[in-house]
1. Kindly list, by first and then second residue, each pair from a residue in segment 119-134 that is closer than 14 Å to LEU54 by Cβ to a residue that is in a loop (DSSP other than H, G, I, E, B) and basic (Lys, Arg), limited to pairs with Cβ atoms under 7 Å and residues at least 6 apart or on different chains.
2. Name the residue, out of VAL108, VAL138, VAL162, that is outside the structural domain of LEU5 (by TED's automatic domain parsing) and either in contact with a strand residue (DSSP E or B) (Cβ under 6 Å, 6 or more places away or on another chain) or at positive phi (or both).
3. If we scan segment 158-176, do we find a residue that is over 29 Å from GLN118 (Cα atoms) and not basic (Lys, Arg)?
4. What's the total number of residues in segment 38-51 that are surrounded by fewer than 20 Cβ atoms within 10 Å (Cβ to Cβ) and touching a helix residue (DSSP H, G or I) at 6+ places or on another chain (Cβ under 7 Å)?
5. Would you confirm, using the coordinates I've provided, whether ARG216 is closer than 19 Å to ILE82 by Cβ and free of Cβ contacts under 8 Å to residues at least 60 places away in the same chain?
6. Of all the residues that make up segment 196-252, how many are in contact with a helix residue (DSSP H, G or I) (Cβ under 6 Å, 6 or more places away or on another chain), surrounded by fewer than 19 Cβ atoms within 10 Å (Cβ to Cβ) and assigned to a loop (DSSP other than H, G, I, E, B)?
7. Inside segment 63-169, counting only helices (runs of 4 or more DSSP H) that do not spill past its ends, which hold 3 or more residues that are at pLDDT 95 or above and either exposed (fewer than 13 other Cβ atoms within 10 Å of the Cβ) or of a type in the set (D, E, K, R) (or both)?
Amino acid sequence: MIDELYITGAGVSASSGIPTFRGNDGFWTVGSVNYTPQEMATRSMYENNPADFLLWYFKRFASYRNVKPNLAHYWLADKKLITQNIDGLDGKAGNKDYISIHGRLDKVVYYKNELEEQVPFDANWNEIDLSLNPSDEVLKKELLKKFKIKFYNGRFIPQNGVSLKPYVLLFDEIYTDLYRISEAEDWMNKAQKIIFIGTSFSVNITSIALRIAISRGIKIDIVDPNPIKINYDKVNYHQMNAEEYSNFRNLN
């Protein structure tokens with residue numbers, strides 16, 4: 001059994017300087033010139049317009065690849081943890097076996113069928129030379145080269161098993177064991193208590209966790225400065241941010 005299972009969202013990384021997803025400066029409020037974030041962050045966009053997809057992903061996500069963990073990440077380093085964040089900060093803080101249910105920006109995979117098993121590997125973003133402040137067009141060419149996407153029949157097309165893809169769960173993709181979904185559900189079914197920190201509850205994984213927790217009748221804690229109210233009688237609310245909560249737990 002698992003005494004406490006932690007499920008974290010973007011609020012945990014906010015004090016490290018990473019925008020939340022749905023705030024005024026959030027990842028899902030800033031798109032490209034021609035597309036919304038919900039249109040950009042799709043497998044379909046990667047397949048049909050890989051240059052624009054990779055440029056948007058690199059500038060909006062990979063630009064945070066050198067951000068440092070905060071106190072909350074370090075406090076969570078020895079906890080049973082499922083995070084919605086792709087920033088990899090929990091790993092940098094020392095958590096050796098956390099589940100990054102939406103992927104990690106420091107990893108890539110091969111472009112393959114979603115259900116095909118494979119192991120993510122290092123993205124090595126530093127291979128992209130930014131020292132000369134390249135234009136968007138130059139950066140697109142570098143990214144297409146890095147992701148092994150070649151020009152065929154008048155356009156750039158990812159090749160199955162050859163081209164690379166960011167290790168990130170896109171809007172039109174499904175949870176698979178590439179993202180350790182079976183293991184995550186197993187942890188939820190073994191947990192005696194689930195603690196949600198810094199999440200808006202607008203993502204499928206939190207719905208899954210809530211459903212499992214309620215069906216099992218276990219306790220839930222919700223940690224957020226403006227917590228979402230849940231219609232369940234075994235909820236304890238902590239109206240604070242992730243770092244404040246880690247300090248609170250250290251003192252209690």
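The values are calculated or read from the model by the stated rules, or taken from the named source; none is laboratory data. None of the values given here were measured: they were computed from a predicted structure. Here the Cβ positions follow ideal geometry from the backbone for every residue, glycine too, while neighbour counts run over all protein chains shown.
1. Between residues of segment 119-134 that are closer than 14 Å to LEU54 by Cβ and residues that are in a loop (DSSP other than H, G, I, E, B) and basic (Lys, Arg), the close pairs are TRP125/ARG65.
2. Result: VAL108 is the single residue among VAL108, VAL138, VAL162 that is outside the structural domain of LEU5 (by TED's automatic domain parsing) and either in contact with a strand residue (DSSP E or B) (Cβ under 6 Å, 6 or more places away or on another chain) or at positive phi (or both).
3. So far as segment 158-176 goes, no, none of its residues is over 29 Å from GLN118 (Cα atoms) and not basic (Lys, Arg).
4. 2
5. In short, yes.
6. So the answer is 1.
7. So the answer is 136-146.
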